[in-house]
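Chemist: So that we are looking at the same thing, I have put the structure below in structure tokens.
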Amino acid sequence: MDPDPAEDSTTDVSSSTPVRQLTVFLDNRIGALLSIVDLLKKNHFEVLGLSVRDALDATVVRLIVSDPYSVETLFMEKGIPFNTTELIVVELAEGATQMADCLRAILNAETNIHFIYPMLTRPNGRTAIAMCVEDNDFGITVLNESGFKILSQDDLSR
């Protein structure tokens, strides 16, 4: 018997817009992160996910925003150095307790997670995590087969 498509919580990779992360390189100085967040707010963009990696001389800020393509344009206009990466955003329907199952699925597939961080917003009222893995298409397939819902940029930007 075929599964009911209405009950399918997986995402068709080919028909969804991948989540695009912007990585901003900031001088390690007081107020640098605030200036980026204020710039986004002033231009009506929401920060949906955030990770900060501080070092002695520079800070790497990873951002998931409501409109990554427009933010790219804004950053180019303002001369803000950045890079982009496509990520997987996984919805944890059962909350943080499901994190171990998600990580186990990736481990069992013998693929590496480069980095992972929680989303600031709760798409669909549920916990979600952003992750960068070796191969997004493979990671999405593995997670879908394990019953996880993968969120697209469209899901986040509603």
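Chemist: If the reach is capped at under 20 angstrom between alpha carbons, list the lysines near K78, excluding any in the same chain fewer than eight residues apart.
Modeler: Of all the lysines, those that pass the test against K78 - Cα under 20 Å, at least 8 places apart if same chain - are K41, K42.
Chemist: Any idea how far the Cα center of the range 89-158 sits from the one of the range 17-59, in Å?
Modeler: Computed from Cα coordinates, the inter-centre distance equals 22 Å.
Chemist: Additional query: Extension gain S70-D54, at 0.36 nm per residue separation less the Cα-Cα distance, in nm? Don't skip to the end; give the middle numbers.
Modeler: Working: separation 16, 0.36 × 16 = 5.76 nm, distance 2.59 nm.
Between S70 and D54, full extension yields 3.2 nm more.
Chemist: Residues of the range 71-106 with the amide nitrogen closer than 14 Å to a label point 7 Å from the Cα of E134, along Cα-to-Cβ, please.
Modeler: Counting backbone N atoms under 14 Å from the label point, the list is 106.
Chemist: Taking 8 Å as the Cα distance limit and 6 or more residues as the minimum spacing, I'd like the relative contact order of the chain as a percentage. Please list the in-between numbers first.
Modeler: Details: 266 pairs, mean separation 46.9, N = 158.
It comes to 30 percent, rounded to a whole number.
Chemist: Taking only Cα atoms and a 10 Å spring cutoff, compute GNM fluctuations for the chain and point out the largest among L39, L48, L92.
Modeler: Maximum among the listed residues: L39.
Chemist: Provide I150, I30, I140, I116 in ascending order of the number of other Cβ atoms located within 10 Å of each residue's Cβ, fewest first. List each step's numbers first, then the result.
Modeler: Details: I150 24, I30 6, I140 21, I116 18.
Placing the least packed residue first, the sequence is I30, I116, I140, I150.
Chemist: Please report the base-10 log of the normalised intensity I(q)/I(0) for the range 86-156, using a Debye sum with one equal scatterer per alpha carbon and no solvent, at each q in 0.12, 0.15, 0.22, 0.25 (1/Å).
Modeler: -0.26, -0.41, -0.92, -1.22
Chemist: Can I ask one more? How about the range 84-129: which GluC sites (Glu not before Pro) there lie in a loop by DSSP and see at most 16 other Cβ atoms within 10 Å? Each step should come with its number before you reach the end.
Modeler: Numbers: sites: E86, E91, E94, E110; in loops: E94, E110.
The qualifying sites are E94, E110.
Chemist: Determine, for R20, R104, the number of other Cβ atoms within 10 Å of each Cβ, and report the residues in order from fewest to most.
Modeler: Numbers: R20 18, R104 11.
Fewest-to-most ranking of R20, R104: R104, R20.
Chemist: Return one quarter of the surface area of the convex hull spanned by the alpha-carbon atoms of the chain, equal to its mean projected area, in nm². All intermediate terms of the calculation are to be shown ahead of the outcome.
Modeler: On the way: hull surface 42.5 nm².
So the Cα hull casts an average projection of 10.6 nm².
The numbers here are math on the coordinates, done by the rules we state, and not lab data. Since the structure is predicted, the reported quantities are computational estimates derived from the model, not experimental observations. Positions of Cβ are backbone-derived with ideal geometry, glycine not excepted, and every protein chain shown enters the neighbour counts.
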